[in-house]
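First comes the structure, then the notes that go with it.
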Amino acid sequence: MAPSKSSKKDKSKKTKKAGDDKKKLSALDAAAKVLAEIGKPMSCKEMIEAMGKKGYWSSPGGKTPESTLYSAVLKEITTKGKESRFKKTDRGQFARS
């Protein structure tokens, strides 16, 4: 058998397709964007639905994306304080800071 001619140098780089240059938003970034656009407090369930409709973010198959987003938003509020992009307005409701 002849040895394989492929090596690290021989592998070509993948070329980008048109439209691939846009960076996919994280759930938190998409939530902040939705809240800024809507301009009113929303629940995490409402944010997940709006993010999906606008094409900003969709769940990669998780069973509870609302709970995951809720935890992430609370964590950002706790760790960043006044620097956070979010503020809690009511039970289960968040707005853009």
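Quick look at the numbers
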read-out	value
Linear extension gain, Ser58 paired with Lys80, 0.36 nm per residue minus alpha-carbon span	5.4 nm
Principal axis dimensions, largest first and in whole angstrom, of the stretch 27-96 by Cα	31, 23, 20
Net length gained if the chain between Arg91 and Glu37 were fully extended (0.36 nm per residue, minus Cα distance)	17.3 nm
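Read-outs throughout are calculated quantities, based only on the coordinates presented, and are distinct from any laboratory measurement. Just so it is clear, the model here is predicted, and its values are computed rather than measured.
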